[in-house]
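Chemist: Below is one structure. I have some questions about it.
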Amino acid sequence: MSFVRRLNWFMKLRWKSYSLAIGLMTIVSLLSTIPPKLIGNTIDDIQSGSLAGADLYATVGWLVGLALLIYVMVYFWITTLFGNAMLLEKVLRGRLLAHLTKMAPSFFQRNSTGQLMALATNDILAIGNTSGYGVMTLVHTLTGATVVIVMMVSFISVKLMLAALIPMPFLTVVISKLGKKVRGRFLEAQAAFGRMNEHALESISGIRVVRAYVQEEKDLAAFDRITSEVRDKNRRVSLLNALFHPLIMNIIGLSFSIGIGYGAYLVYDDQITLGELISFNIYLGMLIWPMISFGEFINVLQRGSASADRLDEALSQKSDVVEAEDPVAVDIPERIEMRQLSFTYPGATLPSLVDVSFALKRGGTLGVVGKTGGGKSTLLKQLLRQYPIDENKLLVSGVPIERIPLERVKQWVAYVPQGHQLLSKSIRDNIALGKPDATMEEVARAVEMASFAQDIEQMPEGLETIVGENGVMLSGGQKQRLAIARALLIDSEMLLLDDSLSAVDARTESRIIHNIRKERAGRTTIITTHRLSAVSHADWILVIDQGRVIEEGTHEQLILHGQWYKEQWERQQMEASLEEAL
């Protein structure tokens, strides 16, 4: 089976515990066949009048002892088997998260957050259920049915056994057809569950926007439609599941009817004794759970297999950015050079960068300015290695960046993006994200550099203030300064600020820039911004429009050129003067 092949690595890893669980289950099945035989013999002794008191006490003692022994064995195989299932869920969730952390942005464009959440919850739970409950039902079906049938043949009657099991083949055919339908409907249900997750996530994270535009009722109506779809998809799965037990019970009931009817005839014909008939019917009753287990196994297997397909599909997707086969070790980025680099986003038709070139020595500051959508953020993403780039177009210390290990590049960079992702934890935990073992003095220093200290002092719990979901308790400027403090704490070789000062006033911006220049002397800084005052001190400035560098130089040189940069500078200076006058 494909499901077993997919989990073969885990079965090999845990083969000892699986063997123990299966061995105990088999022994329990064997021991469970003893009581019916003892009961049948006792009934025959009663009928013949040869039952003595000591024999009765011995039989009762054996039954009690077997019950206790079976109880202990069942306890151990349940804890062992389902412990493996929970371990598998843990391992798979770890693998999925590790895989997600290695994926490039294009992966998350193809896979929505809701679907990935469904994988980490429902799908992995279904896989774990198959490796635990599914194995249990399979072993019960094989060992339970085999042992019981052997006891029927060995101690009762082959003819009676064959007659009673005539309806059983029909059970296999029906369950097989139902199982295929369960698989298809379960895949549809899981996909609907993923869409519901996605909608719920968007509604919660964007609740303030929904309220601001008075769209609560429409959002609730849309969510109601999605949840109704999830309900309907799962109801279709449940309808098929509901057919399993009635079919099994009807077929088993037919077997009982044949067993009692034909068995009574055999007793009347003196081919078997009354005690053997009673033992046979107890054995036939013991077949109920193996038959139910078979139906449950098919049901659980189809669900687990469908979920394993979905998980494998996600895990099989490779990152667009891969490690070089012959990586080159670079200790320090002494020089960053871009040579006529062009870049087009996956799926886009027009390039976002066209023949961009610059050179920046270690300790220098590069400013990148231009119109909205010109390609400023895209330029920074090349240094983050979020997308594959053409060979030998971006060099660090003379080495193409695609040949430098990804982990090394990440260690160099502290990145403050436009959209700030904050954890629902304290301010300190958010700042210390990149350096969890940072001391309070280091955190305080980063806060001071980001000009965030006065804001924290006014908060009721200071650094221990919980910021809420993605910083809901903070203003836009506070979020930006928190993110800047987080980046400054790790004191990286390269600091990338992607329009990260847009929500602070001019004076605060000036203090932050001053602190960065002072504290990061000898380290490289690249700033993209719409406010030109943030890069007026830069060693080199690029003006980008539609992915092309239309101007470049120092602040003084660009002012002398008298083009877009000068016009924008004069306009912003005039606006700043008017604001101060007001």
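Chemist: Go through (1) touching a Ser or Thr at 6+ places or on another chain (Cβ under 8 Å); (2) modelled with pLDDT under 90; (3) not charged (D, E, K, R) one by one and return the number of the condition residue 534 breaks.
Modeler: With (1) touching a Ser or Thr at 6+ places or on another chain (Cβ under 8 Å); (2) modelled with pLDDT under 90; (3) not charged (D, E, K, R) applied to residue 534, the lone miss is (1).
Chemist: Just the residues that are in a helix (DSSP H, G or I) and loosely packed, with under 13 Cβ neighbours inside 10 Å, please, taken from region 186-221.
Modeler: Initially, region 186-221 is screened for residues in a helix (DSSP H, G or I), giving 186-205, 207-212, 216-221.
Selection gives 204, 208, 209, 211, 212, 216, 217, 218, 220, 221.
Chemist: Assigned by TED's automatic domain parsing to the domain that holds residue 150, of a type in the set (A, V, I, L, M, F, W, C) and at negative phi: does that describe residue 332? Spell out how you get there, then give the answer.
Modeler: Numbers: assigned by TED's automatic domain parsing to the domain that holds residue 150: no; of a type in the set (A, V, I, L, M, F, W, C): yes; at negative phi: yes.
So residue 332 does not fit the description; no.
Chemist: Restricting the search to region 378-408, which residues are under 27 Å from residue 529 (Cβ atoms), in a helix (DSSP H, G or I) and either among the charged types (D, E, K, R) or touching a helix residue (DSSP H, G or I) at 6+ places or on another chain (Cβ under 6 Å) (or both)?
Modeler: The answer is 381, and nothing else.
Chemist: While we're here: In this structure, does residue 558 turn out to be assigned by TED's automatic domain parsing to the domain that holds residue 425, part of a loop (DSSP other than H, G, I, E, B) and either surrounded by 21 or more Cβ atoms within 10 Å (Cβ to Cβ) or among the β-branched types (Val, Ile, Thr) (or both)? I'd like the intermediate steps shown before the answer.
Modeler: Numbers: assigned by TED's automatic domain parsing to the domain that holds residue 425: yes; part of a loop (DSSP other than H, G, I, E, B): no; either surrounded by 21 or more Cβ atoms within 10 Å (Cβ to Cβ) or among the β-branched types (Val, Ile, Thr) (or both): yes.
No, not satisfied.
Chemist: Quick one: which residue in 236, 183 is in contact (Cβ under 8 Å) with a residue 60 or more places away in the chain and either assigned to a helix (DSSP H, G or I) or surrounded by fewer than 19 Cβ atoms within 10 Å (Cβ to Cβ) (or both)? Please lay out each step first, then the result.
Modeler: Numbers: 236 fails: in contact (Cβ under 8 Å) with a residue 60 or more places away in the chain.
Result of the check over 236, 183: 183.
Chemist: Continuing with the same structure: From (1) touching a residue at least 40 places away in the same chain (Cβ under 8 Å); (2) surrounded by 12 or more Cβ atoms within 10 Å (Cβ to Cβ), pick out the condition that doesn't hold for residue 227.
Modeler: That leaves (1) as the condition not met.
Chemist: Identify all residues within region 72-128 that are surrounded by fewer than 16 Cβ atoms within 10 Å (Cβ to Cβ), charged (D, E, K, R) and free of Cβ contacts under 8 Å to residues at least 40 places away in the same chain; write none if there are none.
Modeler: Listed by number, the list holds a single entry, 90.
Chemist: Quick one: what pairs do we get from region 48-68, first residue under 18 Å from residue 33 (Cβ atoms), second of a type in the set (A, V, I, L, M), C-beta under 7 Å, 6+ apart or different chains?
Modeler: Here the result reads 59/38; 62/38; 63/38; 66/31; 66/34, each pair linking region 48-68 to a residue that is of a type in the set (A, V, I, L, M).
Chemist: Against the conditions (1) of a type in the set (Ser, Thr, Tyr); (2) within 29 Å of residue 35 (Cβ to Cβ); (3) touching a Gly at 6+ places or on another chain (Cβ under 9 Å), where does residue 154 fall short? Just the number, please.
Modeler: (3)
Chemist: Within region 513-529, is there a residue that is in a helix (DSSP H, G or I), of a type in the set (Asp, Glu) and out of contact with any Leu (no Cβ under 7 Å at 6 or more places or on another chain)? Let's see the steps before the verdict.
Modeler: Filtering region 513-529 down to residues in a helix (DSSP H, G or I) leaves 513-519.
When the remaining residues are screened for being of a type in the set (Asp, Glu), the result is 519.
In the following step, the residues that additionally are out of contact with any Leu (no Cβ under 7 Å at 6 or more places or on another chain) were identified as 519.
Yes: region 513-529 contains one or more residues that are in a helix (DSSP H, G or I), of a type in the set (Asp, Glu) and out of contact with any Leu (no Cβ under 7 Å at 6 or more places or on another chain).
Chemist: Here is a follow-up. Applying the selection to region 540-552, what residues are assigned to a loop (DSSP other than H, G, I, E, B) and surrounded by fewer than 16 Cβ atoms within 10 Å (Cβ to Cβ)?
Modeler: Start the filter on region 540-552 by keeping residues that are assigned to a loop (DSSP other than H, G, I, E, B), which leaves 546-547.
Hit for region 540-552 is 546, nothing else.
Chemist: Please find, among 524, 528, the residue that is surrounded by 15 or more Cβ atoms within 10 Å (Cβ to Cβ), touching a helix residue (DSSP H, G or I) at 6+ places or on another chain (Cβ under 6 Å) and in contact (Cβ under 8 Å) with a residue 40 or more places away in the chain.
Modeler: On the way: 524 fails: touching a helix residue (DSSP H, G or I) at 6+ places or on another chain (Cβ under 6 Å).
Being surrounded by 15 or more Cβ atoms within 10 Å (Cβ to Cβ), touching a helix residue (DSSP H, G or I) at 6+ places or on another chain (Cβ under 6 Å) and in contact (Cβ under 8 Å) with a residue 40 or more places away in the chain holds for just one of 524, 528, which is 528.
Chemist: Can you confirm whether region 397-414 contains a residue that is within 29 Å of residue 563 (Cβ to Cβ) and in contact (Cβ under 8 Å) with a residue 24 or more places away in the chain? Quick ask: steps written out before the conclusion?
Modeler: Filtering region 397-414 for residues within 29 Å of residue 563 (Cβ to Cβ) gives none.
Within region 397-414, none of the residues are within 29 Å of residue 563 (Cβ to Cβ) and in contact (Cβ under 8 Å) with a residue 24 or more places away in the chain.
Chemist: Could you check region 290-330 and list, in sequence order, the residues that are among the acidic types (Asp, Glu) and more than 21 Å from residue 386 (Cα to Cα)? Walk me through how you get there before you give the answer.
Modeler: Restricting attention to region 290-330, the residues satisfying the condition of being among the acidic types (Asp, Glu) are 296, 309, 312-313, 320, 323, 325-326.
Once the filter is applied, which keeps residues that are among the acidic types (Asp, Glu) and more than 21 Å from residue 386 (Cα to Cα), region 290-330 yields 296, 309, 312, 313.
Chemist: Does residue 369 qualify as being in a helix (DSSP H, G or I) and either within 33 Å of the chain's Cα centre (by Cα) or more than 30 Å from residue 202 (Cβ to Cβ) (or both)?
Modeler: Values: in a helix (DSSP H, G or I): no; either within 33 Å of the chain's Cα centre (by Cα) or more than 30 Å from residue 202 (Cβ to Cβ) (or both): yes.
The answer is no for residue 369.
Chemist: Now a separate question. Show the residue pairs that are 6+ apart or on different chains and have beta-carbon atoms under 7 Å apart, the first residue being within region 199-221 and within 21 Å of residue 471 (Cβ to Cβ), the second being part of a helix (DSSP H, G or I) and hydroxyl-bearing (Ser, Thr, Tyr).
Modeler: These pairs meet every condition: 201/113; 210/203.
Chemist: Would you check which residues across region 314-354 are of a type in the set (Gly, Ala, Ser), assigned to a strand (DSSP E or B) and buried (at least 16 other Cβ atoms within 10 Å of the Cβ) and list them?
Modeler: Kept after step one, since they are of a type in the set (Gly, Ala, Ser), are these residues of region 314-354: 314, 316, 319, 324, 329, 342, 347-348, 352.
Next, only the ones that are assigned to a strand (DSSP E or B) stay: 342.
Within region 314-354, no residue meets the criteria.
Chemist: Among the residues of region 387-404 satisfying the criterion of being surrounded by fewer than 18 Cβ atoms within 10 Å (Cβ to Cβ) and either among the hydroxyl-bearing types (Ser, Thr, Tyr) or within 26 Å of the chain's Cα centre (by Cα) (or both), which is nearest to residue 493 (Cα to Cα)?
Modeler: Filtering region 387-404 for residues that are surrounded by fewer than 18 Cβ atoms within 10 Å (Cβ to Cβ) and either among the hydroxyl-bearing types (Ser, Thr, Tyr) or within 26 Å of the chain's Cα centre (by Cα) (or both), the one nearest to residue 493 (Cα to Cα) comes out as 397.
Chemist: Could you please let me know if residue 364 is of a type outside the set (A, V, I, L, M, F, W, C), surrounded by 14 or more Cβ atoms within 10 Å (Cβ to Cβ), out of contact with any Leu (no Cβ under 7 Å at 6 or more places or on another chain) and in the same structural domain as residue 566 (by TED's automatic domain parsing)? Spell out the reasoning first.
Modeler: Numbers: of a type outside the set (A, V, I, L, M, F, W, C): yes; surrounded by 14 or more Cβ atoms within 10 Å (Cβ to Cβ): yes; out of contact with any Leu (no Cβ under 7 Å at 6 or more places or on another chain): yes; in the same structural domain as residue 566 (by TED's automatic domain parsing): yes.
Yes: the conditions hold for residue 364.
Chemist: Taking the condition outside any helix (DSSP H, G or I) and closer than 30 Å to residue 153 by Cβ, does residue 50 pass? Explain how you work it out, then say what you get.
Modeler: On the way: outside any helix (DSSP H, G or I): yes; closer than 30 Å to residue 153 by Cβ: yes.
Yes: the conditions hold for residue 50.
Chemist: Taking the condition of being within 20 Å of the chain's Cα centre (by Cα) and surrounded by fewer than 20 Cβ atoms within 10 Å (Cβ to Cβ), how many residues in region 291-313 meet it? Quick ask: steps written out before the conclusion?
Modeler: First pass over region 291-313, keeping only residues within 20 Å of the chain's Cα centre (by Cα): 303-313.
Next cut, surrounded by fewer than 20 Cβ atoms within 10 Å (Cβ to Cβ) only: 309, 312-313.
The total comes to 3.
Results for (1) aliphatic (A, V, I, L, M); (2) modelled with pLDDT of 85 or more; (3) within 30 Å of residue 385 (Cβ to Cβ); (4) out of contact with any Leu (no Cβ under 8 Å at 6 or more places or on another chain), shown as yes or no for each residue.
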| position | (1), (2), (3), (4) |
| --- | --- |
| 95 | no, yes, yes, no |
| 119 | yes, yes, yes, no |
| 131 | no, yes, no, no |
| 137 | no, no, no, yes |
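The values are calculated or read from the model by the stated rules, or taken from the named source; none is laboratory data. What you see is a predicted model; the values in this text were computed from it and never measured. Reconstructed Cβ throughout: ideal geometry from the backbone, glycine too, with neighbour counts over all protein chains shown.
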